[in-house]
Amino acid sequence: MILLVDDTPENLISLKNVLEKHGFEVDTANSGEEALKKVLKNSYVLIILDVQMPEMDGFEVAEVISGYSKAKETAIIFLSAANTEFRFIAKGYSSGGLDYITKPVDINILLLKIKTFYRIYEQSRKLGEVQKALLEEIEFRKAAELKKDEFISIASHELKTPLTSVKGYIQLLERGLAKGDIEQVKSHLSKAQIQLEKLNGLIADLLDISKIESGKLKFNKQYFDMDTLLENIIEVMHQSNPDFKIIKNGSVNVKVFGDEMRIEQVVVNFLTNAIKYSPGTNEVLLNIRLQNNELYVGVKDFGIGMQPEQVKRVFEKFYRVEETSHRFQGLGIGLYISSEIISRHGGHINVNSVYGEGSEFYFTIPIDQLMTDV
Ligand code: ADP
């Protein structure tokens, strides 16, 4: 919008009419004071300012405007009698742009100048947007970099822990063999095996992350029986966590069209977390049902729970709840991978959690991916 400032009403009206006829949006002020008030309230691309006005002349108005950060991008064209010295005009105004036209106004010249200022304004607005986007990108990358460094150090630590255990068990195995103590050898072997499984899981998660990043996470979808899958998972999980009861609530009698191993990965991730983040408890519920034309699978624990602001971020890559991260080992990528797997099955993943009482992590898969057993 253009602001016309002139103390002569006829000048204002005639110039306003001409500019509006050429498609410009125009506002008017008939004194310097009124112009300053309007500049504070509205945004103008350009102000056309009469120099000779009583009370406050055009130069004074321009000088005050130069101090308004709001009008930083606004250009000013002075309308003045001939032979006004331009050095006065430039005084105090150094931002948006300045120009000068003598009266009587040559409307063609004025229109040319207005168009030029509009073009400059538009270009600088676009440049401003690009600059803002670039600054945001730089900031984002700096955060991302910090997170990556932190992740590498956590990941190395997480990988080293089971590896050190395996080394220890191998030494013990050598001693057990030398003594011929087969029972001890068996026990150390199975403990080493558990640590190797852990290591394998960590490496698989790291590989999945890089596959997701490069868009190479592939799915092998077929129909499989959901109830059977869950029962098998419970059996395997129970072997490695004999103190925990995993109670399956409900059954669905459906075949799911999906990648069975990937769905298993999500359920195992939910159950592993449910057990890990619930010290002092010994029960986890595995809820399964059909609802609103969807399959629902939820894992409910009675553990530490989360605050609402933590719930919001829990599916982000590398996110771990800060206040508990020193108590529980982890990389903060399991749920991120799970959410990718579920979204690639057209479903939703989410969690309901109450701090100090427990959480229910769940996913849903739409019914068109299912085949009901008849
Ligand atoms: P990890 O457990 O390896 O850190 P995840 O991606 O599986 O990574 O989980 C991300 C974070 O979410 C965990 O670090 C933990 O803070 C929180 N979290 C996950 N599951 C639970 C749960 N059942 N109860 C409380 N917090 C959980």
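Computed from the Cβ-Cβ distance with R0 of 35 Å, the FRET efficiency linking ASN287 to LEU206 stands at 0.70.
Within straight-line reach of LYS103, meaning a Cα separation under 17 Å, sit the following lysines at least 8 residues removed in sequence or on another chain: LYS16, LYS113. Here the accessible area of the chain is 54 percent carbon and sulfur, with a 1.4 angstrom probe and all protein chains present.
Calculate the dipole size of the range 146-214 relative to its Cα centre from +1 charges on Lys and Arg beta carbons and -1 charges on Asp and Glu beta carbons; express the result in debye to the nearest 20.
Approximately 220 debye in magnitude.
Rounded to the nearest whole Å², what accessible area per residue is found for the chain with the 1.4 Å probe?
Working: 21370 Å² over 374 residues.
It amounts to 57 Å² per residue over the chain.
For the chain, the dipole from Cβ point charges (+1 on Lys and Arg, -1 on Asp and Glu) about the Cα centre works out to 1060 debye, to the nearest 20. Phi angles of the range 272-284 translate, via the Karplus equation with coefficients 6.51, -1.76, 1.60 and θ = phi - 60°, into HN-Hα couplings of 4, 5, 4, 6, 4, 8, 10, x, x, 10, 9, 9, 9 Hz per residue; Gly and Pro are given as x. Using the Cβ of GLY201 as centre and a radius below 11 Å, the other residues enclosed give a net charge of -3, where K and R count +1 and D and E count -1. Cross-link reach is defined here as a Cα-Cα straight distance under 24 Å, omitting same-chain residues fewer than 8 places apart; for LYS167 the lysines meeting it are LYS179, LYS186, LYS191, LYS198.
Could you calculate the FRET efficiency of LYS179 with GLN239 from 1/(1 + (r/R0)^6), where r is the beta carbon distance between them and R0 is 35 Å, rounded to 0.05? Write down the numbers at each step before the final one.
Values: r = 28 Å, r/R0 = 0.80.
About 0.80, to the nearest 0.05.
Within the shell of other residues whose beta carbon sits under 14 angstrom from the beta carbon of ILE77, the net charge comes to -1, with Lys and Arg scored +1 and Asp and Glu -1.
Between GLN307, GLY334, ASN232, the Cα set farthest toward the positive side of the dipole of the chain (charges on each charged residue's Cβ, about the Cα centre) is that of ASN232.
Could you give the length gained by full extension between LYS41 and ALA133, i.e. 0.36 nm per residue of separation minus their alpha carbon distance, to one decimal place? Mind showing how you got there, number by number?
Values: separation 92, 0.36 × 92 = 33.12 nm, distance 2.70 nm.
Stretched out fully, the LYS41 to ALA133 stretch lengthens by 30.4 nm.
3J(HN,Hα) along the range 7-20, derived from phi through the Karplus expression 6.51 cos²θ - 1.76 cosθ + 1.60 where θ = phi - 60°, amounts to 8, 9, x, 4, 4, 4, 5, 5, 5, 4, 4, 4, 5, 5 Hz, with x in place of Gly and Pro. Which residue, chosen from PHE363, SER325, ILE182, occupies the Cα position most advanced towards the positive end of the dipole of the chain, where the dipole is computed from +1 (Lys, Arg) and -1 (Asp, Glu) charges on Cβ about the Cα centre? Result: ILE182.
Could you work out [θ]222 nm for the chain from helices alone, using -39500 (n - 2.57) per DSSP H run of at least four and dividing by all its residues? Round to the nearest 500 deg cm²/dmol.
On the way: 10 runs with 190 residues, N = 374.
Calculated at 222 nm, the ellipticity per residue is -17500 deg cm²/dmol.
Full extension of the chain between LYS186 and GLU357 gives 57.6 nm of extra length, using 0.36 nm per residue less the Cα-Cα distance.
Estimate the FRET efficiency between ILE152 and ILE194 by the formula 1/(1 + (r/R0)^6), using the beta-carbon distance for r and 25 Å for R0, to the nearest 0.05. Don't skip to the answer; put the middle values down first.
Values: r = 25 Å, r/R0 = 1.01.
After rounding, the FRET efficiency stands at 0.50.
Note on LYS21 and ALA81: the model spin-label points, each 7 Å out from Cα along the C-beta direction, lie 2.8 nm apart.
Using a 10 Å Cβ count of at most 13 others and DSSP loop calls, identify the longest part of the chain lacking such chymotrypsin sites (Phe, Trp or Tyr not before Pro). Mind showing how you got there, number by number?
Values: sites that count: TYR68, PHE219, PHE328, TYR355.
With a cap of 13 other Cβ atoms within 10 Å, the longest stretch comes to 69-218.
Dipole magnitude for the range 222-372: about 220 debye, using +1 per Lys or Arg Cβ and -1 per Asp or Glu Cβ, origin at the Cα centre. Each residue was assigned an accessible area with a 1.4 Å probe, and for GLU63 the value is about 80 Å².
The values are calculated or read from the model by the stated rules, or taken from the named source; none is laboratory data. What you are looking at is a predicted structure, and each value in this text was computed from that prediction instead of being measured. Every residue, glycine among them, receives a Cβ derived from its backbone with ideal geometry; neighbour counts consider all protein chains shown. With ligands, DNA and RNA removed, areas are computed over all heavy atoms of the protein, side chains included. Shrake-Rupley method; radii C 1.70, N 1.55, O 1.52, S 1.80 Å.
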